[in-house]
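Data first, discussion second: the structure below is written as structure tokens.
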Amino acid sequence: MFGESVVNKIRGLAAEIDQSRGIPVELMNWMFKEKLFKLFAPEELGGSMLDLPAALRVIEKVSEIEGNLGWLTAIGSGGGMFVPYIQKGQTDILFNGEKAVLAGSGHPQGTAKRVDGGFIVTGEWKYCSGAEFATFFTANSMKEDGEVTSFIFMPDQVEVLHDWKAFGLRGTGSHTIKVEDAFVPEERTFNLMHKLNDYDGPVHTFPFVPFSQATFTSVCLGIAANFLREAKVIAARRLKEGADPFEKVLTDIQKNEEELQRELYHFYEEIEALWEDHLGGKLLTAEQEDHFSRTCKKPVEQAITRAGMLVRRLGMEAIMEDSAINKIWRDLYTAGQHTFITP
């Protein structure tokens, strides 16, 4: 999907991402060029409008290359799910342009007071991945009548609090955003129950929770594959240096790779089946959604468990914060903490 030279270059910058807690400009430009934030945006707005299974494979591959980029791809492209629900005039403004990308939060927070022409909104929202480079922001807040509505903020209305201090995925800029008495015109509000334009595709009506679980699972399994790749490099090097116990470690890593491939096959088999039902007009039943939730959560939990066990066997290198394997492990554990895929 991506050439070896590109993969090696990105992995060569992984330590810089971790230490600087940001994404180098050249990698941001690469993500924009590859339309990684527009997997679910229509071609009219410069997007790819991929089917869900195809997009998940892109997210997985980017995550396997570098976890921060994979997470940002999942979050940024997920913003494209809002496209059909925003007034067309605003959609054309907000989503057009190669570098258009949103950050935000789905958790209802803050207050929204109706005034002439719109609302005055005040609030804070945590974990807004991509906050440092977003061209606009979305957040949910409660109106005076108790209804939860989504609001669109422009960068000059938002204060980024730079409080993302997690030990992994450090480069995602998943900071808290704050707005205070920000005026949001009526046309920059939306509700995911009301379609307002014809930019939609099948993915936009796929149930939100399974969609989110699928994207986060793709991130975690991609990072897990990168962890096993790096673990194999370490084990092979130590074995070559004469550390005989690493022969068994190398064998176990290979077994873990086989298990991960089986889990990936099962994951995609399940999502393909759900997608076919969706295209055929079948609504997902509660039983199907529950089963798919387990399909996502189980391999993520197993990937984290396997990685933790291998860290114990890879020597002191694995616990050094500036080692590649440690960084990948921290990214995996952090990605797996999202509430949609925790046990």
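The values are calculated or read from the model by the stated rules, or taken from the named source; none is laboratory data. Everything numeric here is computed off the predicted structure, so don't read it as measured data. Here Cβ is always computed from backbone atoms with ideal geometry, including for glycine, and neighbour counts include all displayed protein chains.
Values computed for the structure shown
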item	result
Residues (in contact with a Phe, Trp or Tyr (Cβ under 8 Å, 6 or more places away or on another chain) and within 18 Å of I75 (Cα to Cα)) located in the range 165-193	G168, L169, R170, T172, G173, S174, H175, T176, I177, L192
Residue match in the range 140-151 (condition: among the aliphatic types (A, V, I, L, M) and in contact with a Phe, Trp or Tyr (Cβ under 9 Å, 6 or more places away or on another chain))	no
Selection count where residues are more than 26 Å from L274 (Cβ to Cβ), part of a loop (DSSP other than H, G, I, E, B) and polar (S, T, N, Q), scope the range 169-196	1
Among the candidates V62, V58, residue that is touching a Gly at 6+ places or on another chain (Cβ under 8 Å), of a type outside the set (G, A, S), buried (at least 20 other Cβ atoms within 10 Å of the Cβ) and outside the structural domain of Y268 (by TED's automatic domain parsing)	V62
Residues satisfying the stated conditions in the range 1-58, i.e. among the aromatic types (F, W, Y) and within 27 Å of P207 (Cβ to Cβ)	F37, F40
Residue satisfying all of: in the range 1-52; part of a loop (DSSP other than H, G, I, E, B) and small (G, A, S); surrounded by the fewest Cβ atoms within 10 Å (Cβ to Cβ) among these	G3
Test for L260: is it part of a helix (DSSP H, G or I), more than 26 Å from A74 (Cβ to Cβ), at pLDDT 95 or above and not β-branched (V, I, T)	no
Which numbered condition M316 misses (of (1) free of Cβ contacts under 8 Å to residues at least 60 places away in the same chain; (2) closer than 20 Å to G171 by Cα; (3) not acidic (D, E))	(2)
Test for T138: is it more than 14 Å from the chain's Cα centre (by Cα), of a type outside the set (F, W, Y), part of a helix (DSSP H, G or I) and outside the structural domain of L13 (by TED's automatic domain parsing)	no
Residue count for the range 289-300, restricted to those that are closer than 17 Å to Q261 by Cβ and surrounded by fewer than 20 Cβ atoms within 10 Å (Cβ to Cβ)	1
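For (1) exposed (fewer than 13 other Cβ atoms within 10 Å of the Cβ); (2) of a type in the set (A, V, I, L, M); (3) at positive phi, each residue gets a yes or a no:
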{"position": "A182", "(1), (2), (3)": "no, yes, no"}
{"position": "A214", "(1), (2), (3)": "no, yes, no"}
{"position": "F227", "(1), (2), (3)": "no, no, no"}
{"position": "A231", "(1), (2), (3)": "no, yes, no"}
{"position": "R238", "(1), (2), (3)": "no, no, no"}
{"position": "G242", "(1), (2), (3)": "yes, no, yes"}
{"position": "V249", "(1), (2), (3)": "no, yes, no"}
{"position": "L283", "(1), (2), (3)": "yes, yes, no"}
